[in-house]
Amino acid sequence: MMLLSSLLYLYLLAAAALAVPAQEKRVHHQAGLSDHVHDDSQNYQYDHEAFLGKEEAKTFDQLTPEESKDRLAKIVDRIDTDKDGYVTHSELHQWIKHRQRRYIEENVNKHWKDYDQNRDDKIAWEEYKNTTYGYYLGEEFSDIEDKDTYKSMLTRDERRFKSADKDRDGIATREEFTAFLHPEEFDYMKDVVVQETMEDIDKDGDGKINLHEYIGDMYTPEDSESEPDWVQTERKHFGEFRDVNKDGYLDANEVAQWVLPGEVDHADNEAKHLIYETDTNKDEKITKKEILANWNMFVGSQATNYGEDLTKKHDEL
């Protein structure tokens with residue numbers, strides 16, 4: 001019951017965001033590596049947060065230089081996945097992407113036990129369905145005032161679950177369940193993101209989005225209220241940028257370009273930057289010795305509190 005109520009709340013919360021411009025509400029941007037400006041001439045805070053993740057970077061700020069180097073040496077061993085003594089661009093790129101996805105992993109871990117009812121470290125569709133909707137399934141939501149909404153939610157969840165389930169065995173691994181909860185983070189789930197976006201906005205069900213539906217998804221005017229400037233701007237954006245083929249509608253391809261724009265891979269650029277700055281012999285890969293020689297760029301240390309080792313409150317990386 002609680003899970004179902006929470007799920008409905010999330011759906012209603014999304015629907016209630018009517019006064020939020022489309023570019024803020026619908027578009028899925030990559031999470032930033034850091035909130036700091038990337039200027040190594042000033043400090044390495046951007047590099048610290050990109051390499052460690054924003055929360056873990058705060059922990060390292062409490063360490064002495066010696067402690068930071070010791071922790072960094074252990075991290076290097078983890079990054080060097082093939083154990084050849086070198087960190088390549090590919091290995092460093094994957095590490096940075098992993099650090100940036102920790103918030104997603106923490107969200108999945110928070111819900112995992114709720115759904116993995118038989119504790120086999122997998123989640124079957126039946127487990128998810130029964131945990132989320134089971135209280136009402138036998139009655140087909142007859143006791144719920146807005147039963148059509150719940151039926152629609154169930155249908156949508158099942159379709160998304162099946163899309164995330166790569167091997168089609170009806171059971172989600174942790175990676176597949178992550179794709180189910182966060183489809184915008186996975187290339188193979190992009191069609192689902194686009195389809196759900198179109199269903200949300202396409203009120204007349206004709207399979208395309210007209211200008212009225214596009215604006216209506218963002219803005220509902222009050223009586224005698226003048227239209228805000230940003231709404232007028234969105235009207236222009238619809239015609240000038242969103243509607244690429246100028247037929248007056250947004251089709252699935254145009255919606256994909258809108259809500260899933262191609263973006264610069266910041267993790268890739270940061271990996272290249274760290275290697276360039278650290279690779280003293282210019283062989284395009286870096287050793288633990290080279291990394292530790294530049295430890296302040298990777299992990300740094302403000303050493304603000306030597307007397308209290310805050311790492312005792314955190315798991316090892």
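Results, tabulated for the structure shown:
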{"item": "Failed criterion for T220 (all others in (1) in contact with a Leu (Cβ under 7 Å, 6 or more places away or on another chain); (2) open to solvent by less than 50 Å² (accessible area, probe 1.4 Å) hold)", "result": "(2)"}
{"item": "Scope the range 253-270; condition outside any loop (DSSP other than H, G, I, E, B) and closer than 20 Å to H98 by Cα; matching residues", "result": "H266, A267, D268, N269, E270"}
{"item": "Selection from the range 270-292 of residues that are over 13 Å from I79 (Cβ atoms), in contact with a His (Cβ under 9 Å, 6 or more places away or on another chain) and either without any contact (Cβ under 8 Å) to a residue 24 or more places away in the chain or not charged (D, E, K, R) (or both)", "result": "H273"}
{"item": "Cβ pairs under 8 Å, 6+ apart, first in the range 175-204 and more than 14 Å from V27 (Cα to Cα) and of a type in the set (F, W, Y), second open to solvent by 80 Å² or more (accessible area, probe 1.4 Å) and outside any helix (DSSP H, G or I)", "result": "Y188/K166"}
{"item": "Unique match (being exposed (fewer than 12 other Cβ atoms within 10 Å of the Cβ), within 30 Å of D120 (Cβ to Cβ) and either modelled with pLDDT of 95 or more or touching a Ser or Thr at 6+ places or on another chain (Cβ under 8 Å) (or both)) among R168, R159", "result": "R168"}
{"item": "Output for the range 234-264, where each listed residue is under 26 Å from E184 (Cα atoms), more than 26 Å from the chain's Cα centre (by Cα) and open to solvent by 30 Å² or more (accessible area, probe 1.4 Å)", "result": "R235, G239, E240, V244, N245, Y249"}
{"item": "Counted residues, the range 198-216 - those being part of a helix (DSSP H, G or I) and either touching a Cys at 6+ places or on another chain (Cβ under 6 Å) or acidic (D, E) (or both)", "result": "3"}
{"item": "Residue pairs meeting the criteria (Cβ under 7 Å; at least 6 apart or on separate chains; first among the aromatic types (F, W, Y), in the range 214-242; second outside any helix (DSSP H, G or I) and open to solvent by less than 80 Å² (accessible area, probe 1.4 Å))", "result": "Y214/L250; Y219/L18; Y219/A19; W230/P21"}
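Residue-by-condition table, conditions (1) open to solvent by less than 40 Å² (accessible area, probe 1.4 Å); (2) modelled with pLDDT under 85:
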residue	(1), (2)
D114	no, no
Q117	no, no
E127	yes, no
N130	no, no
Y136	yes, yes
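The values are calculated or read from the model by the stated rules, or taken from the named source; none is laboratory data. It should be emphasised that the depicted structure is a prediction, and the values quoted were computed from it without experimental measurement. In this analysis, Cβ positions are derived from the backbone assuming ideal geometry, glycine residues included, and neighbour counts consider all displayed protein chains. Ligands, DNA and RNA are stripped out before the accessible areas are found, and what is left, the full protein with its side chains, is counted by its heavy atoms. Shrake-Rupley method; radii C 1.70, N 1.55, O 1.52, S 1.80 Å.
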